[in-house]
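Enquirer: One structure, pasted below without further comment.
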Amino acid sequence: MKTRKSLLTAVIGAALTFGVSAQAFAATTLKLSHNHTRDHAVHKAMDAMAKEVRETTDGEVRIRIYPDAQLGSQRESMELMQNGALQMVKTNAAELEAFAPAYSAFNMPYLFRDQTHFYATQEGEIGEEILESSRKSGFIGLTYYDAGARSFYTSKPINTPADLKGMKVRVQPSPSAIAMVEALGGSATPLAYGELYTALQQGVVDAAENNIPSYGMSRHSEVSKFFSLDEHTMVPDVLVISTNAFDGLSEEHQKAVKTAALNSMQLMKTLWAESEKEERAKAEEIGVKFVEVDKASFVTAVQPMYDDVQKNNPELFTLIERIQAVK
Ligand code: GCU
């Protein structure tokens with residue numbers, strides 16, 4: 001590393017001597033926005049990615065991470081990226097639905113048989129195809145991050161969809177999430193993640209749904225004491241980059257960024273498993289009850305969503321069938 005540095009200094013020196021502007025060596029900084037805290041597994045995974053990129057590009061490409069929605073909600077960050085004010089966003093497949101329709105497939109309830117099926121899809125040909133599908137909207141996906149399974153939480157157990165009847169359930173701004181809650185008999189209320197704690201506390205919504213680490217780390221566990229393990233969706237987090245920023249990198253730097261992103265996705269698998277365990281234990285300590293539910297009743301209740309896609313969105317239905325066929 002040291003030798004590389006002194007070599008670089010020598011090269012810059014030589015360049016200046018020969019009248020070449022030092023500008024040519026200026027580092028490229030990619031600003032990355034996301035809405036979790038620094039303690040969250042996904043922040044740690046992306047931090048590792050940023051370090052790897054800095055190393056493998058000899059400091060020529062740097063990723064600066066802005067956590068905690070400092071730069072805005074996921075949707076606002078996507079818009080900032082499209083305007084060129086930032087270059088990367090860690091969002092998730094639910095919110096990406098509004099920007100690139102192929103992500104809807106990931107939001108279909110009970111699509112994945114298990115974690116192995118989910119990993120095989122995200123790391124296979126279909127996963128890559130979906131990451132590339134948004135190019136015409138000015139960005140591409142670099143990688144997915146495991147975000148476990150999402151379940152309902154509120155102040156009572158939700159054993160079957162009948163328990164959701166009449167409840168205002170916060171969902172992400174995603175047409176599929178809205179359709180799912182409606183199919184289950186609840187009343188869907190789309191809200192940004194950052195507004196949810198207060199909304200639950202003040203009774204603006206009665207219930208919400210998420211994975212265990214997000215439920216715990218956002219302190220929703222303080223106000224909603226029953227986490228019912230219906231595990232309706234496995235919605236991955238997704239790291240995206242603007243095509244302007246990505247295409248502006250040299251081929252070598254593009255490779256460095258993509259490789260580091262994929263390595264961080266692998267690292268995330270371990271970080272995620274640890275975080276799920278830890279956050280569940282912490283929630284139990286403060287009196288949260290984790291409830292086993294009648295899953296079959298949820299699976300049956302969401303079937304009309306599949307019928308609807310088959311009838312009205314053949315392209316999406318084909319994608320869903322391809323995912324179901326993944327071994
Ligand atoms: C998860 C996901 C976030 C998302 C949040 C939400 O925590 O990691 O990207 O914003 O769910 O429900 O809004």
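The values are calculated or read from the model by the stated rules, or taken from the named source; none is laboratory data. Everything numeric here is computed off the predicted structure, so don't read it as measured data. Note that each Cβ is placed from the backbone with ideal geometry, even for glycine, and that neighbours are counted across all protein chains shown. Note: accessible area is taken over every heavy atom of the protein model, side chains too, but ligands, DNA and RNA are not part of it. Shrake-Rupley method; radii C 1.70, N 1.55, O 1.52, S 1.80 Å.
Enquirer: Where does the charge balance sit around residue 155 when Lys and Arg score +1, Asp and Glu -1, over other residues with C-beta under 9 Å from its C-beta?
Expert: Once positives and negatives cancel, what remains is +1.
Enquirer: Might you work out the accessible area of residue 139 for me, using a 1.4 Å probe with all protein chains in place, and round it to the nearest 10 Å²?
Expert: It works out to around 0 Å².
Enquirer: Net charge around residue 63, counting only other residues with Cβ within less than 10 Å of its Cβ (Lys, Arg = +1; Asp, Glu = -1)?
Expert: Neighbour charge sum, excluding residue 63 itself: +3.
Enquirer: If you count the DSSP beta bridges with both ends in the chain, what percent of them are antiparallel, to the nearest 5?
Expert: Expressed as a percentage, antiparallel bridges in the chain total about 55.
Enquirer: Now for a different question. Give the average over all directions of the projected area of the C-alpha convex hull of the chain, one decimal, in nm².
Expert: With every direction weighted equally, the projected area is 17.8 nm².
Enquirer: Can you give the charge dipole size of region 95-226 about its Cα centre, rounded to the nearest 20 debye, using +1 on the beta carbon of Lys and Arg and -1 on the beta carbon of Asp and Glu?
Expert: Dipole about the Cα centre, nearest 20: 520 debye.
Enquirer: What net charge is computed for the residues neighbouring residue 42, neighbours being all others with C-beta under 11 Å from the C-beta of residue 42, Lys and Arg scored +1, Asp and Glu -1?
Expert: So the surrounding residues net to -1.
Enquirer: Express in nm, to one decimal, how much length is gained between residue 254 and residue 307 on full extension, taking 0.36 nm for each residue of separation and deducting their alpha carbon distance.
Expert: That works out to 15.0 nm of additional length.
Enquirer: What's the extension gain from residue 115 to residue 201 if we count 0.36 nm per residue and subtract their Cα-Cα distance?
Expert: Full extension from residue 115 to residue 201 adds 27.7 nm.
Enquirer: Another question about this same structure. Hey, rough spin-label estimate for residue 299 and residue 37, points 7 angstrom out along Cα→Cβ, what's it come to in nanometres?
Expert: Between residue 299 and residue 37, the simple spin-label model gives 3.6 nm.
Enquirer: While we're looking at this one, here's another question. So if we plug the beta-carbon distance of residue 219 and residue 159 into 1/(1 + (r/R0)^6) with R0 = 25 Å, what FRET efficiency do we get, rounded to 0.05?
Expert: Numbers: r = 25 Å, r/R0 = 1.00.
After rounding, the FRET efficiency stands at 0.50.
Enquirer: If you wrap region 118-205's Cα atoms in a convex hull and average its projection over all directions, what's the area in nm²? Working shown, then result.
Expert: Numbers: hull surface 29.5 nm².
If I average the Cα hull's projected area over directions, I get 7.4 nm².
Enquirer: Along the charge dipole of region 252-291, Cβ charges K/R +1 and D/E -1, which of 286, 256, 268 sits furthest on the positive end?
Expert: Going by the Cα projections, it comes out as 256.
Enquirer: OK, next. Over the chain, what relative contact order in percent results from Cα pairs under 8 Å that are six or more residues apart?
Expert: Relative contact order comes out at 23 percent.
Enquirer: Between residue 273 and residue 70, 0.36 nm times their residue separation minus their Cα-Cα distance comes to what? Spell out each step's value before the answer.
Expert: Numbers: separation 203, 0.36 × 203 = 73.08 nm, distance 2.66 nm.
Between residue 273 and residue 70, full extension yields 70.4 nm more.
Enquirer: Taking the convex hull of the alpha carbon atoms in region 175-285, what volume per residue do you get, in Å³?
Expert: Taking only Cα atoms, region 175-285 has a hull volume of 131 Å³ per residue.
Enquirer: Would you mind classifying region 38-143 by shape? Square roots of the alpha carbon gyration tensor eigenvalues, ordered a ≥ b ≥ c; an a/c under 1.5 is rounded, otherwise it is prolate if a/b is larger than b/c and oblate if not. Please list the in-between numbers first.
Expert: Working: a/c = 1.66, a/b = 1.34, b/c = 1.23.
It is prolate, given that a/c is not under 1.5 and a/b is the larger ratio.
Enquirer: Hey, another quick one. For the chain, find the longest principal axis of its Cα atoms and tell me its angle to the long axis of helix 41-56, 0 to 90°, nearest 10.
Expert: The helix 41-56 is inclined about 20 degrees to the chain.
Enquirer: Could you tell me which of rounded, prolate or oblate describes region 232-327, using a ≥ b ≥ c as the square roots of the eigenvalues of the alpha-carbon gyration tensor, with rounded for a/c under 1.5 and, failing that, prolate when a/b is larger than b/c and oblate otherwise?
Expert: Oblate, because a/c is 1.5 or more while a/b does not exceed b/c.
Enquirer: Here's another thing I want to ask about it. Over the heavy atoms of residue 187, what accessible area does a 1.4 Å probe trace out, to the nearest 10 Å²?
Expert: Result for residue 187: roughly 50 Å² accessible.
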